[in-house]
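A quick write-up on the structure given underneath.
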Amino acid sequence: MKISIQFKDLQVTASDRQRIEDGIRLALTRFAPLIHGLTATISDENGPRGGVDKTCRLIVRLHAGTVVVNEQASAVMAAVTQAAERAARSVARIHQRAVDARQTVPNARRRRRVAPSASDRHGAPDPAEAAIS
């Protein structure tokens, strides 16, 4: 799974960047085969003034579409964790819908036709039916 992380108006150390990437990867690792790419944009809306202003936006590109999640929190890791968990739930929901659709539609088409037996084709009664009557 390829993860691209962008920061806007925010200075982050290499270790914090690695923690952010690990948090996202941990939440979405079970869906890695479904994910084409992931872009995380993390920004600080108010700058140094503080408050609940750290925003994490995750854009997850899947085979079946795109999931976009926005979360705000007072700390960067809290925003990232919340966004990653929401993205994982959304991806799981999309995947489950696709699985359900595959399971219901093909089964209706796969009904096996039972070929009539030789006695049915010639109009003679089946010996099993004759024993029941």
For an R0 of 30 angstrom, estimate the FRET efficiency from the Cβ-Cβ distance between ALA98 and THR41 and round to the nearest 0.05. 0.65
Show the residues, 5+ positions off or on another chain, whose built amide H is closer than 5 Å to the amide H of GLY37. ARG61
Using 7 Å Cα-to-Cβ label points, what is the ARG25/SER74 separation (nm, one decimal)? 3.0 nm
Honestly region 4-102 on the Cα gyration tensor test (a ≥ b ≥ c root eigenvalues; a/c under 1.5 rounded, otherwise a/b vs b/c for prolate or oblate) is just prolate
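A short reminder: the numbers here are calculations on the coordinates, not readings from a lab. Quick caveat, the model's predicted, so the values are computed rather than measured. As a convention, Cβ positions derive from the backbone with ideal geometry for all residues, glycine included, and neighbour counts pool all protein chains shown.
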